[in-house]
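Participant: Questions regarding the structure given below will be posed in turn.
Just so it is clear, none of the values below were taken in a lab; they were calculated from the coordinates. Bear in mind the structure is a predicted one, so any value in this text is a computation, not a measurement. We place every Cβ from the backbone using ideal geometry, glycine too, and count neighbours over all the protein chains shown.
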Amino acid sequence: MIFAHRVVNIQILNMVVTKTKAKAKLDKALSDYVRKSNADDFGIANCFTCTARKNWKQLDCGHFITRSKMSTRWLYKPEEGLVNMMPQCKRCNMTGGQQYLFAKRLDKIHGEGTADKILRMSNDITKFSLAELQEMTAHYNDLFRKLPK
């Protein structure tokens, strides 16, 4: 009986580790895509909050709403005006992400109330399955590969 209990615990632990790794892979895939897709033909992108121009590889993928909010952690739908992440210079990203400036810029680009909408969405409880995380990772890796070199 004790042996069966240990096997179940090991299986749960493996699932958690796998899901943690899947989240990290999705973070990287989406970060790469967001930063590079916002760059010009020379690989230069603007910081979303201070507009400093840098190579996309030197920028962070800054979030408007903290990554701990799973419902908006990977929210990137620019065609719908819903983006929780954009390229940011390290200075802006490491000083709290410049959330106020981020919100103002979201509203200016995507319409008044966009930041409030994303803020409300962040309070939804969302859980992603391992398969969903892997599917999103594959999607953003594919989009990244299709970007101009």
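Participant: With angles folded into 0 to 90 degrees, how steeply does helix 2-37 sit against the dominant principal axis of the chain? Use alpha carbons for both and round to 10.
Facilitator: It works out to around 10 degrees.
Participant: Return the subset of 108/149; 23/127; 77/146; 28/104 for which the Cα-Cα distance in this structure is over 20 Å, preserving the input order.
Facilitator: Check vs 20 Å cut-off fails for 108/149; 28/104.
Participant: Between rounded, prolate and oblate, where does the range 82-149 land on the alpha carbon gyration tensor, with a ≥ b ≥ c its root eigenvalues, rounded for a/c under 1.5, else prolate if a/b exceeds b/c?
Facilitator: The shape class here is oblate.
Participant: Place the peptides 60-72, 102-114 in order of packing, highest mean first, counting for every residue the other Cβ atoms within 10 Å and averaging per peptide. Spell out each step's value before the answer.
Facilitator: Details: 60-72: 19.3, 102-114: 15.8.
Result, highest mean Cβ count within 10 Å first: 60-72, 102-114.
Participant: Peptides 24-30, 123-129, 74-80: what's the order by average Cβ count within 10 Å, highest mean first?
Facilitator: Ranking the peptides 24-30, 123-129, 74-80 by packing returns 24-30, 74-80, 123-129.
Participant: So what's the net charge close to residue 91: Lys and Arg +1, Asp and Glu -1, counting the other residues with Cβ under 11 Å from its Cβ?
Facilitator: Charge balance near residue 91 sits at +1.
Participant: Around residue 52, which amide H atoms from residues at least 5 apart in sequence, or from another chain, sit under 5 Å from its own amide H, with H modelled in the peptide plane?
Facilitator: Close amide H contacts, sequence-distant or interchain: 47.
Participant: Could you tell me the center-to-center distance, by alpha carbons, between the range 16-71 and the range 73-149 in angstrom?
Facilitator: Here the two parts' Cα centres lie 9 Å apart.
Participant: In terms of Cα to Cα distance under 17 Å, which aspartates and glutamates are near enough to residue 21, apart from those fewer than 8 places away along the same chain?
Facilitator: Straight-distance partners of residue 21: 32, 132, 135.
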